[in-house]
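Visitor: Pasting a structure here, questions to come.
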Amino acid sequence: TLNNTRQSLSLTHCNRRLITTDELKAAKEKQVQEDLERFGVAEDVDPYIKYKDEWSKHRRDVPLWSVSNRLKPLITDEAFAAPCATLIGNVELWPQSSVWYGCTLKADVNLIQIGALTNIQDKTVITEAIGPLDADHDGSTVIGHYVTVGHKCVLRACTIENQCLVGIGSVLEEGSYMETKSQLGAGSVLAANTRIPSGQLWMGNPAKYVRDLTPEEQENIMTSAQRYVDVANQHKESILGSGPYPTAHWQLEKAGHKVGAQEWP
């Protein structure tokens, strides 16, 4: 019976014919036209641009309105937030702070605060807790001044004091805390409710004390943050231009397009 099954499968396979590229294209075009007719679209449409949107639906700043709350990102004029970053709800960017490409900051319950001259590097995700962690912690994420948060980090309902450095790919869990001039090594996980004392380097998963930072290393934390301020200004100028009407808007308006969305009350 096994041989008969094999022979049957072999005959079936031999009787099959590979579809040609032209036949596949014709089948796709037929399906597209059927879809158009079903939706009442009579005119001819190129099937290869049917699903192309004229405008991206991405919004960098996402306000959240409810009956009791109006949560809207607050970005100072001196701050830089990349166009492809996403800031949702009650997010504050203080002067000369920067949020880089692909970051997501979501504060739909409490607060995410990014201090002055602090940089949040590419693909980092920052959220807050859905409720208070204890009597002294409402679940917000608060990051101080002169802080560098490396690429692809995850921060949730944590606190980082001034002049700290969070290494690439690190995770800060709920209630974790970094005191001033401390550093978390790359790829580390700072467990919930764990506190790094001032001037120390921690690493690992879970992160543990490694050694004290030298005065020079502590000074380099501030130097790194200041360097990112200059780089952020370069990117801001390149993307938006100077003055009250950015060059990106000029180009679209010259082409006859209306730019922007209606302002929420």
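Visitor: Could you work out how much longer the chain between ARG195 and ASP122 gets when fully extended? Use 0.36 nm per residue separation minus the Cα distance between them, nm to one decimal.
Guide: Stretched fully, the ARG195-ASP122 segment lengthens by 23.8 nm.
Visitor: Ranking request for peptides 93-102, 110-119, 218-227: highest mean number of other beta-carbon atoms within 10 Å first, then the rest in descending order.
Guide: Answer by packing, highest mean first, reads 110-119, 93-102, 218-227.
Visitor: Pulled fully out, how much extra length does the chain show between ALA135 and SER224, if you take 0.36 nm times their separation in residues and subtract their Cα-Cα distance?
Guide: So the chain would gain 28.5 nm between ALA135 and SER224.
Visitor: Too long at a 30 Å Cα-Cα cut-off: which of LYS72/LYS208; LYS208/LYS236; LYS57/LYS236? Please list the in-between numbers first.
Guide: Values: LYS72/LYS208 37 Å; LYS208/LYS236 38 Å; LYS57/LYS236 21 Å.
As for pairs spanning more than 30 Å Cα to Cα, those are LYS72/LYS208; LYS208/LYS236.
None of the figures in this text is laboratory data; all of them are computed from the coordinates on show. In this text, all values refer to a predicted model and were calculated from it rather than measured experimentally. We place every Cβ from the backbone using ideal geometry, glycine too, and count neighbours over all the protein chains shown.
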